[in-house]
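All remarks here apply to the structure that follows.
The values are calculated or read from the model by the stated rules, or taken from the named source; none is laboratory data. This structure is a prediction, so every number in the text was calculated from the model and none was measured. We place every Cβ from the backbone using ideal geometry, glycine too, and count neighbours over all the protein chains shown. These area figures cover heavy atoms from the full protein model, side chains too; ligands, DNA and RNA do not enter into them. Shrake-Rupley method; radii C 1.70, N 1.55, O 1.52, S 1.80 Å.
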Amino acid sequence: MSRTKKETIQSVKGMRDIFGEILNYHQYIEKKAREIASFYGFLEIETPVVEKAELFIKSEEQGNPVVEKEMYSFRTKGGDFLALRPDNTPSIIRAYFENGFQGWPQPVLLSYGGLFYRHESPQQGRYREFRQFGLEILGETKSFADAFIIYVFCNILKDLGFKNFIVHLNSLGDKTCQKQHRRELVSFLRRKKNYLCAECKKRAKTNPLKFFDCKNPKCQELKSQAPLIINYLCDECKSHFKETVEILDELSIPYYLDSTLVRGLDYYSRTVFEIFSKEAEPNLALSLCGGGRYDYLAKMLGFKDLAGIGGAFGQERIAELMKSKGLSRELVMKEKPRIFFAQIGESARKKALVLLEELRNEKIGAIHGIFKDNLRNQLKIAGELQIPYAIIFGQKELIDKMIMVRDMKTGGQENIPQEKMVEYFKEKLGIRN
Ligand SMILES: [Zn+2]
Ligand SMILES: [Zn+2]
């Protein structure tokens with residue numbers, strides 16, 4: 001297709017550029033999450049953004065246009081059918097087997113962060129390209145892993161400044177109990193066929209659990225009458241769930257047993273969870289993070305049996321919330337440069353680079369106005385960026401081997417010898433070696 005003359009190229013629908021303050025939040029979230037995950041023994045892994053499409057399409061769904069439509073999938077010139085990853089758990093399982101992690105001491109704890117892609121209609125706050133941070137524990141069936149994952153996610157949220165959150169928890173049982181429940185649910189949905197929304201009617205047989213996720217008021221009303229999986233759990237699943245809850249109790253993690261929580265994906269078994277926050281408004285609970293156990297997924301994908309539990313949070317919602325509520329604002333801003341280097345005149349400009357390098361060598365964050373000539377313009381930028389200190393460096397300072405430092409809040413200024421500059425800022429900014 002050729003473009004008409006006047007049309008300029010724009011970003012792809014559902015994707016956008018991020019920069020400035022919101023990017024600072026993203027970077028802060030990534031840094032915190034990584035730090036905490038690594039403390040708890042999660043090994044960071046980066047898997048490719050592009051994978052074989054079949055990794056994300058379970059065998060019985062291959063050729064299903066709905067599944068493929070929600071993915072960015074494409075055929076290469078060589079005829080391979082590839083996809084941009086919509087989520088990471090299948091890739092993690094592939095990587096586990098491909099890199100021989102089954103030979104490592106089990107369980108294997110992995111963390112990841114990165115970009116993911118879904119080709120769905122973009123709603124408010126949802127993008128087709130989005131950032132996720134996730135944790136996975138592979139090769140462990142014990143309930144301790146379920147509670148541990150939830151615990152680490154709660155610690156990340158706490159460290160980011162979230163206070164008002166609660167973990168919604170449910171068990172989806174295993175193959176034994178799922179079978180019986182599914183039978184009952186399908187027959188319930190058949191009986192209530194005339195009251196269901198079109199979507200639920202259509203998938204009543206193929207994916208009946210989705211009914212619990214349906215936001216249609218008609219279906220919502222029926223939920224209370226529907227057979228709940230929690231009442232069908234076998235003894236093993238019951239005690240797995242009980243143990244998980246008891247560990248959360250001991251860790252003082254606030255939770256709510258939500259028997260209608262199923263989570264969209266149908267590969268989950270036993271524990272599923274979602275962490276909700278009321279940080280935005282007291283009566284609006286937003287889901288920040290979710291996950292579950294996927295003991296059958298590896299087999300479904302054609303690998304050997306592998307137990308696993310994992311979860312992820314979408315960074316966009318968390319970053320937007322933190323920014324709008326000012327959570328950890330001070331800490332996020334601390335990551336920003338706190339010195340603006342303003343210079344006046346050609347000879348000062350050259351020496352300014354030497355002084356900037358001294359700051360950089362000492363890891364003292366600074367930005368500059370090196371392409372500007374006018375002092376007032378440079379100080380205006382420093383003010384807009386809320387940078388606390390400005391160095392003013394002109395002909396006079398050059399000759400006297402001094403710098404002038406302006407406190408941007410008070411407007412107070414002092415002259416500092418150049419050789420004391422690093423020392424001066426280390427003290428001012430509380431930087432210790
Ligand atoms: Zn419905
Ligand atoms: Zn069971």
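Key figures
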read-out: Modelled label reach - Ile18, point 7 Å along Cα→Cβ, the stretch 131-171 residues with backbone N closer than 15 Å; value: 131-134
read-out: Distance between modelled label sites at Asp87 and Tyr151, nm, 7 Å Cα→Cβ extension; value: 2.4
read-out: Added length on full extension, which subtracts the Cα-Cα distance from 0.36 nm per residue, Lys350 to Leu115; value: 80.6 nm
read-out: Mean residue ellipticity (222 nm) of the chain, computed from DSSP H runs ≥ 4 via -39,500 (n - 2.57), nearest 500; value: -11000 deg cm²/dmol
read-out: Which of Pro337, Gln395, Gly412, positive extreme of dipole for the stretch 337-428 (C-beta unit charges); value: Pro337
read-out: Hits among lysines - C-alpha to C-alpha of Lys304 under 21 Å, sequence gap 8 or more where chains match; value: Lys52, Lys58, Lys142, Lys175
read-out: Solvent exposure of the stretch 337-428 as accessible area per residue, Å², 1.4 Å probe; value: 59
read-out: Heavy-atom accessible area ranking, 1.4 Å probe, most first, across Arg126, Arg338; value: Arg126, Arg338
read-out: Relative contact order (%) - the stretch 331-418, alpha-carbon pairs under 8 angstrom, separation at least six; value: 31
read-out: Leu222 accessible area, 1.4 Å probe, all protein chains in place, Å² to nearest 10; value: 10
read-out: List Val262, Val50, ordered by accessible area with a 1.4 Å probe, largest first; value: Val50, Val262
read-out: Among Phe241, Ile230, Ala37 the positive-end extreme of the charge dipole of the chain (Cβ point charges); value: Ile230
read-out: Carbon and sulfur %, accessible surface of the stretch 275-433 computed with the full protein complex present, 1.4 Å; value: 51
read-out: Long-range HN-HN contacts of Thr271 with modeled amide H, under 5 Å; value: Leu172, Arg293
read-out: Which listed pairs, of Lys323/Lys420; Lys77/Lys323; Lys163/Lys238; Lys323/Lys351; Lys31/Lys426; Lys396/Lys428, have C-alpha distances above 32 Å, in listed order; value: Lys323/Lys420; Lys77/Lys323; Lys323/Lys351
read-out: Where a label projected 7 Å from the Cα of Asp213 along Cα→Cβ would reach, residues of the stretch 278-319 with amide N under 17 Å; value: 287-297, 310-314
read-out: Gyration tensor (alpha-carbon) shape descriptor, the stretch 337-428, a/c threshold 1.5; value: rounded
read-out: Over the chain, relative contact order from alpha-carbon pairs under 8 Å, at least 6 apart, %; value: 15
read-out: Anchor Lys215: lysines whose Cα lies under 23 Å away (excluding residues fewer than 8 positions away in-chain); value: Lys69, Lys192, Lys193, Lys201, Lys202, Lys205, Lys223, Lys278
read-out: Net charge of Cβ neighbours under 14 Å - reference Ala348; Lys, Arg +1; Asp, Glu -1; value: +2
read-out: Simple Cβ-charge dipole of the chain, Lys/Arg +1 and Asp/Glu -1, about Cα centre, in debye nearest 20; value: 1560
read-out: Nearest-ten-degree value, helix 143-160 long axis tilted from longest Cα axis of the chain; value: 30
read-out: Residues whose placed amide H lies under 5 Å from that of Cys289, excluding near-sequence neighbours; value: Ile275
read-out: Point-charge dipole on Cβ atoms (K/R +1, D/E -1) for the stretch 337-428, about Cα centre, debye to 20; value: 200
read-out: Segment Thr176-Glu30, length gained on full extension (0.36 nm per residue, minus Cα span); value: 48.6 nm
read-out: For the chain, projected area of the alpha-carbon convex hull averaged over all directions, nm²; value: 28.5
